[in-house]
Amino acid sequence: MQKKLDEALEIIKKLGLPKAQHNERSALTLLALLNLSPEKKWKDCERPVIGVTPIMEWCKNSYGKHYAPNSRETFRRQTLHQFVDAGLVLYNPDDNLRAVNSPKACYQITIELYDVLISFEESSWDKKIELYLKQQPSLVTKYAMEREMTMIPLIVSGKEIKLTPGAHSQLIKNIIEEFGPRFVPQAEVIYVGDTGDKASYFLRERLSELGVTINDHGKMPDVVLYCPKRNWLILVESVTSHGPVDGKRHEELSKLFSKSKSGLVFLTAFPDRKIMSKYLPEISWETEVWNADAPTHLIHFNGDKFLGPYTKTN
């Protein structure tokens, strides 16, 4: 076992990964991506398509290394991201439009690297790895361009931003381009979140002018719009698999924006009514719902008024 781990770490260093990836976790991840258990030879490498949780299970079953479930993000953010960025690993090779936060997200060693690694114990290794390292910059560029092509373009205030692919990001695009112009025309886009890079667009100073200072944008809604005409802040959650504005989220956002000089409007956006129906019991009163498949209509979870902020009374 230790011999394989040492060899995997040697390869990681040889491939030029940063020191932050020179560790047992990264070595095990590489071995899992090759399905290379201790008893196998490097010529027996494979190219399975495998997700983060299965990688962790493989580490436990093949090398006796147990990782807690909350280590999943560490594997993803501190090893697999770097493998993908270095052009060593493909992200979602079976579906490049899959969302970043999808439980089906998976990885696979590139064919170019695989062809080199199977020769690790052979005399041709040195020559092959040397040739690969010369080609690696162009491979990184190639795979980066392929990932870029799947991004969802969005124009915000004349500036193009790109969201990671998937239904969640597509719904965010619909919120900006379909909901905004219909229900809050001339609204300012203050914040656009993204599963791949939480703050894709954030006018932090403008939000501060409206009385709200955010230190941890991880708690932000997916979209924040400001309507100057009515002095409203519209807080929007984009829901494709989880997370409507339920009672708990309503309270959390109310506290986060408690110092706002503007009235707060809480909106949950769904791709369609079928998905909305799954969450009807959870949606908080005094909120709004918008479905992208019926963009000209709103559903008001209130009873005494239409779209607008509520003022708490005694």
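Since every read-out is calculated from the coordinates, none of them should be taken as a lab result. Everything quoted here is computed from the prediction, not taken from an experiment. Every residue, glycine among them, receives a Cβ derived from its backbone with ideal geometry; neighbour counts consider all protein chains shown.
Odds and ends about this structure:
- Within the chain: Cβ-based charge dipole about Cα centre, in debye rounded to nearest 20 (Lys, Arg +1; Asp, Glu -1): 460
- Highest to lowest packing among 246-258, 125-137, scored as the average C-beta count within 10 Å: 246-258, 125-137
- For the range 152-301, a crude dipole built from +1 on the beta carbon of Lys and Arg and -1 on the beta carbon of Asp and Glu, taken about the Cα centre, is about 200 debye to the nearest 20.
- Förster-model FRET efficiency, 35 Å R0, LYS13 and LYS104, C-beta, rounded to 0.05: 0.65
- Computed lengthening from ALA167 to ARG273, 0.36 nm per intervening residue step minus Cα-Cα distance: 36.7 nm
- Folded to 0 to 90 degrees: helix 52-63 orientation relative to the chain principal axis, Cα: 30
- Angle in degrees between helix 247-256 and the longest Cα principal axis of the chain, rounded to the nearest 10: 90
- Distance between the modelled labels on GLU73 and LYS43, one decimal in nanometres: 4.5 nm (7 Å Cα→Cβ projection).
- Extension gain (nm, one decimal) between GLU251 and SER124, 0.36 nm per residue minus Cα-Cα: 39.4 nm
- Nitroxide proxy distance, nm - points 7 Å out along Cα→Cβ at GLU205 and HIS22: 4.1
- Local charge for ILE175 was computed over the other residues whose Cβ lies under 10 Å away, with Lys and Arg +1 and Asp and Glu -1, and equals -3.
- All-pairs alpha carbon distance profile, the range 1-116, 5 Å steps from 0, percent: 2, 12, 24, 27, 22, 10, 3, 0
- Normalised by 2.2 N^0.38 Å, with N the number of residues, the alpha-carbon radius of gyration of the chain equals 1.21.
- Top positive-direction residue, dipole computed over the range 2-149 with Cβ charges, set THR110, LEU131, ALA27: ALA27
- All other residues whose Cβ lies under 13 angstrom from that of ILE109 are scored, Lys and Arg at +1 and Asp and Glu at -1, for a net of -2.
- Angle between the chain longest axis and helix 2-14 axis [Cα atoms, degrees, rounded to 10]: 70
- Full-extension gain in nm, THR53 to ASN231, via 0.36 nm per residue minus C-alpha separation: 59.5 nm
- Pairs of Cα atoms nearer than 8 Å and 6+ residues apart set the relative contact order; for the chain it is 11 percent.
- Other residues within the sphere of radius under 11 Å centred on the Cβ of THR268, judged by their own Cβ, net out at -4 (K and R +1, D and E -1).
- Nonlocal amide H pairs with THR287, under 5 Å, H built at 1.01 Å: PHE301
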